[in-house]
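First the structure, in the form of structure tokens, and then the observations on it.
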Amino acid sequence: MRIERPAVAGTLESSDAMVTVEPGEGLSLELASSVMNTYGRQIKETVLETLKRLGVEDCFISVVDKGALDCTIKARVECAVFRSCGLSEKDIPWGGEVR
């Protein structure tokens, strides 16, 4: 998938994550987390794995994590990517792309 425009998914509430994707060259990840010392590496792996499964190779992605579970992070990344491509306006393949 190709990131066509900036998009956001999620909130800054406790146990959630706000994910922002923008067009870019290469893959660039900015991560801020309230649990960075404990789970930072796992969050990064989850975000990058989700982008890989969606076929996203070029984008800037920012994640502000407030203690979200992996499944929440995957859902937020998937939603932001679909919104950026205009897919959320059509038949949404939730769960079909990311397992």
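Bear in mind that the values in this text are calculations on the coordinates, not laboratory data. Small disclaimer: the values here were computed from a predicted structure and weren't measured. Glycine also receives a Cβ, built like all others from the backbone with ideal geometry; neighbour counts cover every protein chain displayed.
The angle separating the long axis of helix 70-85 from the principal Cα axis of greatest extent in the chain is about 30 degrees.
Using the beta-carbon distance between residue 2 and residue 38 and R0 = 41 Å, what value does 1/(1 + (r/R0)^6) give for FRET efficiency, to the nearest 0.05?
For residue 2 and residue 38, the calculated efficiency is 0.75.
Taking Cα centre as origin and charging only the Cβ of basic (Lys, Arg, +1) and acidic (Asp, Glu, -1) residues, the dipole magnitude of the stretch 1-40 rounds to 80 debye.
Here the dipole of the chain is about 160 debye; that uses its Cα centre as origin and unit charges on the Cβ of Lys and Arg (positive) and Asp and Glu (negative). The share of Cα pairs per 5 Å bin across the stretch 7-89, counted from zero up to the longest distance, runs 3, 17, 30, 28, 15, 6, 1, 0 percent. Rounding to the nearest 10 and keeping the result within 0 to 90°, find how far the Cα-based axis of helix 36-54 lies from the longest principal axis of the chain. Computed tilt is about 10 degrees. Label-to-label distance, residue 49 versus residue 22, with points set 7 angstrom from Cα along the beta-carbon direction: 2.8 nm.
Listed from fewest to most Cβ neighbours within 10 Å, the set 70, 65 follows the order 70, 65.
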